[in-house]
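The values are calculated or read from the model by the stated rules, or taken from the named source; none is laboratory data. Values in this document were obtained by computation on a predicted structure and should not be read as measured data. All Cβ positions, even for glycine, are placed from backbone atoms using ideal geometry, and neighbour counts span all protein chains on display.
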Amino acid sequence: QVQLVESGGGLVQPGGSMRLSCVASGSIFSINVMRWYRQAPGNQREWVASITSSGFTSYVDSVKGRSTISRDNAKNTVYLQMNSLKPEDTAVYYCNAEVQLSRNVQPLGYWGQGTQVTVSS
């Protein structure tokens, strides 16, 4: 099976920066798109950013210009660098990955357990 483990969350002051990491492990043939989502208390989970295996990135408007998603394909790892953090960025951040378990099969979606990011003074 496949496991995704996020790390790097915590408490940061407004205007600060934080870098989240997510490592995928297990029976992985390849990983297609990797994404970050977040869920604030009382809100639905929302998509934050995506990166394809070739490095094409996209972002939700609320983080565009303040965040950078990147990945290390050799390490099956995706990162989210967040700068100029605001209180409204407070949420549990989840990693999602489309994983191929073997050649010529459809990729399956996997989720991490989430990491809490709190932006507060």
Of residues in the range 64-110 being buried (at least 20 other Cβ atoms within 10 Å of the Cβ) and among the aliphatic types (A, V, I, L, M), the one nearest to Ala40 (Cα to Cα):
Ala91
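Under 28 Å from Pro107 (Cα atoms), in a strand (DSSP E or B), under 14 Å from the mean Cα position of the chain (by Cα) and not acidic (Asp, Glu): which single residue out of Val63, Val48 fits that description?
Working: Val63 fails: in a strand (DSSP E or B).
Checking each option against the conditions leaves just Val48.
Counting only residues that are hydroxyl-bearing (Ser, Thr, Tyr) and farther than 17 Å from Gly65 by Cβ, which one in the range 9-49 is surrounded by the fewest Cβ atoms within 10 Å (Cβ to Cβ)?
Among them, the one singled out is Ser27.
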Among (1) in contact (Cβ under 8 Å) with a residue 24 or more places away in the chain; (2) more than 15 Å from the chain's Cα centre (by Cα), where does Val78 come up short?
(2)
Take the range 7-30 and flag every residue that is under 24 Å from Gln100 (Cβ atoms), in a loop (DSSP other than H, G, I, E, B) and either within 11 Å of the chain's Cα centre (by Cα) or among the small types (Gly, Ala, Ser) (or both).
Ser27
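Among what's in the range 85-117 and is among the charged types (D, E, K, R) and part of a loop (DSSP other than H, G, I, E, B), pick the residue that is modelled with the lowest pLDDT. Talk me through it step by step, then tell me what you get.
Pass one, the range 85-117, residues among the charged types (D, E, K, R): 86, 88-89, 98, 103.
Filter once more, keeping what is part of a loop (DSSP other than H, G, I, E, B): 86, 103.
Values: Lys86: 97, Arg103: 91.
The residue in question is Arg103.
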